[in-house]
Amino acid sequence: MPSGKKLKILFVTSEVVPFIKTGGLADVSSALPQKLQELGHHVRIVVPKYGAIDERKHKIHEVVRLKDITTKIGEKEVVFSLRSSFLIGPKTRVQIYFLDNHEYFGSRHSLYADPLSGEDFPDNDERFILLAKSVFELIQKLGWTPDLIHCNDWQCGLVPAYLKTKFKDHPLFTSIKTLFTIHNLSFQGIFPHSTFAKTGLPEEVDNEEGIIHKGKVNFLKAGLVYSDIINTVSETYAKELYTDKDIAKDLLPVLSKRKECIYGIINGIDDTIWHPEVDSLIKKKYSVKNIDDKFENKKALAENFGFEADESVPIIGMISRLLPDKGLDLVQKAFNELMKLNIHLVLLGTGDKQFQKFFQSASHKFPQKFSCYLGFDDELAHLIEAGSDMFLMPSKHEPCGLNQMYSLVYGTVPIVRATGGLADTVQPFDPKTETGNGFVFYKYNASEMLTEIKKAIKIFSNDKDTWRKIMKNGMKSNFSWMNSAKKYVDLYKKLTD
């Protein structure tokens with residue numbers, strides 16, 4: 001295939017902004033297809049049509065050829081349709097097909113779990129078997145054969161398995177390649193062995209070499225074993241997946257077997273929303289050319305949290321889900337030491353009750369130094385990024401991470417642990433060469449974290465010129481989705497050339 005050839009890409013996902021979202025997957029599933037289309041490739045998306053999706057607002061309509069298709073899930077006959085609309089971006093529109101079935105998707109507003117009990121839906125196996133099967137029906141009914149199918153997370157894990165087994169001799173499918181993206185390995189789609197009979201896959205994959213893992217059906221494993229290429233959302237996380245038992249969990253043997261096929265591409269950020277020159281949610285817009293205007297945001301942030309803004313006292317910001325993986329146990333351990341430093345610390349987040357309780361009581365104990373908002377507030381998130389001097393992100397694991405990228409672009413100097421996407425985007429500042437854009441610690445412990453925080457405070461307080469240099473190094477970063485999309489195209493071409 002000549003390198004200039006435009007590819008046909010079918011992008012399969014379980015959520016897409018602006019239609020439906022629970023996490024970062026929805027943002028990727030919106031931004032990446034748009035950029036690929038801008039680069040001249042032909043992209044189509046498949047996503048379930050959940051009850052929460054407004055079909056009038058999004059002009060979702062019937063396609064005669066894709067109406068009332070029947071398939072079997074185990075012994076059960078299931079009827080579904082694929083309805084059509086467009087994902088409309090600032091520069092392009094991407095065709096999107098909604099998998100419409102009332103029982104599995106339309107009757108529920110929530111995506112994966114019952115909002116009242118918090119329990120996963122008991123028929124998630126059948127729901128995402130249907131998503132995988134609908135992909136093959138779509139291609140056959142449309143007669144549109146993609147060069148590759150880009151599958152995302154466990155919900156799409158069965159697509160490569162069907163392609164390599166059930167459809168391997170079907171003339172429409174023999175040339176199609178698959179790429180499987182892991183956005184977060186913690187969610188694997190694990191079901192009882194009885195699920196196997198529902199898939200209709202051949203017996204040859206009903207074993208530990210196939211889609212069974214520890215006696216259960218594992219949708220994520222199906223994607224790992226049968227896709228042509230695997231990728232994830234940063235280069236370091238890609239390496240960690242096949243070397244770090246703590247991160248790979250019990251899939252380490254499967255991942256290390258496929259390590260030659262695992263790649264990492266960092267996610268982009270939406271610079272129409274997250275950029276200090278255009279951000280309408282902050283007090284005052286600014287850029288690398290008028291960096292002093294950042295202080296107006298610091299004043300607004302300090303006021304919001306009940307502090308007095310002071311040029312000589314750094315505000316350290318944190319925006320995080322309050323979960324163990326995010327390094328909050330380190331913050332907890334170091335808290336009394338932190339409160340002895342000449343800083344203001346602000347936190348926005350929600351999560352585990354134990355952390356919420358700890359930070360709530362800390363804000364009463366140290367009201368002059370620490371303040372938090374336990375919940376989520378988008379406007380406040382923007383103000384923390386623009387108004388803080390430093391941003392603390394001490395994660396134990398971080399597949400990609402977005403806040404460290406926002407911080408760099410906003411001239412808010414990140415202090416991070418070297419893991420996953422944090423290691424790929426934040427380089428330790430080197431005073432000799434004046435390169436680097438932040439402060440990095442390596443071992444997962446509270447004293448190493450404190451050392452870096454103190455190092456940052458020392459430069460901030462004693463050497464304003466060097467501090468500006470670090471800020472500017474960060475503000476020159478380019479984390480646009482276009483960069484990431486070009487890397488995806490290179491990966492696709494590895495597969496299709």
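Only one entry of 389, 378 meets the criterion of being among the acidic types (Asp, Glu), in the same structural domain as residue 451 (by TED's automatic domain parsing), touching a residue at least 12 places away in the same chain (Cβ under 8 Å) and in contact with a Pro (Cβ under 6 Å, 6 or more places away or on another chain), and that entry is 389. Taken over region 37-62, the criterion of being under 17 Å from residue 21 (Cβ atoms), touching an Asp or Glu at 6+ places or on another chain (Cβ under 9 Å) and in a strand (DSSP E or B) is satisfied by 47, 48.
Contact map, region 14-41: residues that are surrounded by 24 or more Cβ atoms within 10 Å (Cβ to Cβ) paired with residues that are of a type in the set (S, T, N, Q) and not in a helix (DSSP H, G or I), Cβ distance under 7 Å, separation 6+ or inter-chain. Pairs shown: 15/22; 28/267; 29/13; 29/152. For region 369-392, taking the residues that are over 23 Å from residue 277 (Cβ atoms) and not polar (S, T, N, Q), the one that is surrounded by the fewest Cβ atoms within 10 Å (Cβ to Cβ) is identified as 375. Annotation: residue 243 fulfils all but one of (1) without any contact (Cβ under 8 Å) to a residue 24 or more places away in the chain; (2) within 23 Å of residue 497 (Cβ to Cβ); the unmet one is (2).
Going through (1) touching a residue at least 12 places away in the same chain (Cβ under 8 Å); (2) part of a strand (DSSP E or B); (3) of a type outside the set (D, E, K, R); (4) within 19 Å of residue 198 (Cβ to Cβ) one by one, residue 70 falls short only on (1).
Quick test for you: out of 238, 222, pick the one residue that is in contact (Cβ under 8 Å) with a residue 24 or more places away in the chain, in contact with a Pro (Cβ under 8 Å, 6 or more places away or on another chain), crowded, with 23+ Cβ neighbours inside 10 Å and not in a loop (DSSP other than H, G, I, E, B). Before the answer, list the steps.
Values: 238 fails: in contact with a Pro (Cβ under 8 Å, 6 or more places away or on another chain).
One residue alone meets the criteria, 222.
Condition first: under 17 Å from residue 406 (Cα atoms), out of contact with any Gly (no Cβ under 8 Å at 6 or more places or on another chain) and charged (D, E, K, R). Now tell me which residues in region 284-313 satisfy that. If the condition is that a residue be under 17 Å from residue 406 (Cα atoms), out of contact with any Gly (no Cβ under 8 Å at 6 or more places or on another chain) and charged (D, E, K, R), then 284, 285 are the ones that fit. Residue count for region 392-421 satisfying the condition of being in a helix (DSSP H, G or I), touching a residue at least 40 places away in the same chain (Cβ under 8 Å) and not β-branched (Val, Ile, Thr): 7. For beta carbons closer than 7 Å, sequence separation of 6+ or different chains, a first residue in region 287-309 that is among the aliphatic types (A, V, I, L, M) and a second that is buried (at least 16 other Cβ atoms within 10 Å of the Cβ) and in a loop (DSSP other than H, G, I, E, B), the qualifying pairs are 291/411; 300/283; 301/388; 302/309.
Which residues, counting only those in region 95-129, are surrounded by 22 or more Cβ atoms within 10 Å (Cβ to Cβ) and either under 16 Å from residue 11 (Cα atoms) or not assigned by TED's automatic domain parsing to the domain that holds residue 25 (or both)? Residues satisfying the conditions are 96, 97, 98, 99, 128. Return yes when residue 249 is under 19 Å from residue 421 (Cα atoms), without any contact (Cβ under 8 Å) to a residue 60 or more places away in the chain and of a type outside the set (Ser, Thr, Tyr) and no when it is not. Here the answer is no, as residue 249 does not meet what is asked.
So if I check each of 425, 435, which one is touching a helix residue (DSSP H, G or I) at 6+ places or on another chain (Cβ under 9 Å), buried (at least 21 other Cβ atoms within 10 Å of the Cβ) and of a type outside the set (Gly, Ala, Ser)? Quick ask: steps written out before the conclusion?
On the way: 435 fails: buried (at least 21 other Cβ atoms within 10 Å of the Cβ).
Among 425, 435, only 425 is touching a helix residue (DSSP H, G or I) at 6+ places or on another chain (Cβ under 9 Å), buried (at least 21 other Cβ atoms within 10 Å of the Cβ) and of a type outside the set (Gly, Ala, Ser).
For first residues located in region 354-374 and over 14 Å from residue 318 (Cα atoms), partners that are part of a helix (DSSP H, G or I) and not small (Gly, Ala, Ser) and lie 6+ apart or on another chain with Cβ distances below 6 Å form the pairs 358/332.
Count of region 301-315 residues, restricted to those that are crowded, with 17+ Cβ neighbours inside 10 Å and either in a helix (DSSP H, G or I) or out of contact with any His (no Cβ under 8 Å at 6 or more places or on another chain) (or both), is 4. Scoring residue 355 on the criteria (1) among the aromatic types (Phe, Trp, Tyr); (2) in a helix (DSSP H, G or I); (3) within 24 Å of the chain's Cα centre (by Cα); (4) over 30 Å from residue 245 (Cβ atoms) leaves a single failure, condition (4).
Which residue out of 230, 190, 211 is surrounded by fewer than 23 Cβ atoms within 10 Å (Cβ to Cβ) and touching a strand residue (DSSP E or B) at 6+ places or on another chain (Cβ under 7 Å)? Steps first, please.
Working: 230 fails: surrounded by fewer than 23 Cβ atoms within 10 Å (Cβ to Cβ); 211 fails: surrounded by fewer than 23 Cβ atoms within 10 Å (Cβ to Cβ).
Being surrounded by fewer than 23 Cβ atoms within 10 Å (Cβ to Cβ) and touching a strand residue (DSSP E or B) at 6+ places or on another chain (Cβ under 7 Å) holds for just one of 230, 190, 211, which is 190.
Hey, does region 254-265 have a residue that's part of a helix (DSSP H, G or I), among the β-branched types (Val, Ile, Thr), more than 19 Å from the chain's Cα centre (by Cα) and modelled with pLDDT of 95 or more? Even if it seems obvious, please write down each step before you answer.
Here is the first cut: in region 254-265, the ones part of a helix (DSSP H, G or I) are 254-257, 259-261.
Still in the list and also among the β-branched types (Val, Ile, Thr): 254.
With more than 19 Å from the chain's Cα centre (by Cα) added as a condition, the list becomes 254.
Checking the rest, the ones that are also modelled with pLDDT of 95 or more come to 254.
Yes, region 254-265 contains at least one residue that is part of a helix (DSSP H, G or I), among the β-branched types (Val, Ile, Thr), more than 19 Å from the chain's Cα centre (by Cα) and modelled with pLDDT of 95 or more.
Within region 326-340, the set of residues being surrounded by fewer than 16 Cβ atoms within 10 Å (Cβ to Cβ) and either touching a residue at least 40 places away in the same chain (Cβ under 8 Å) or in contact with a strand residue (DSSP E or B) (Cβ under 8 Å, 6 or more places away or on another chain) (or both) comprises 333, 337, 339. Got a sec? Which of 158, 179, 138, 130 is at pLDDT 95 or above, farther than 30 Å from residue 6 by Cβ and among the aliphatic types (A, V, I, L, M)? Every option except 130 fails the conditions. Exactly one residue among 99, 116, 111, 39 is touching a Leu at 6+ places or on another chain (Cβ under 9 Å) and either over 30 Å from residue 6 (Cβ atoms) or hydrophobic (A, V, I, L, M, F, W, C) (or both), and that residue is 99.
The values are calculated or read from the model by the stated rules, or taken from the named source; none is laboratory data. All values derive from a computational prediction rather than experimental measurement. All Cβ positions, glycine included, derive from the backbone under ideal geometry; neighbour counts span all protein chains shown.
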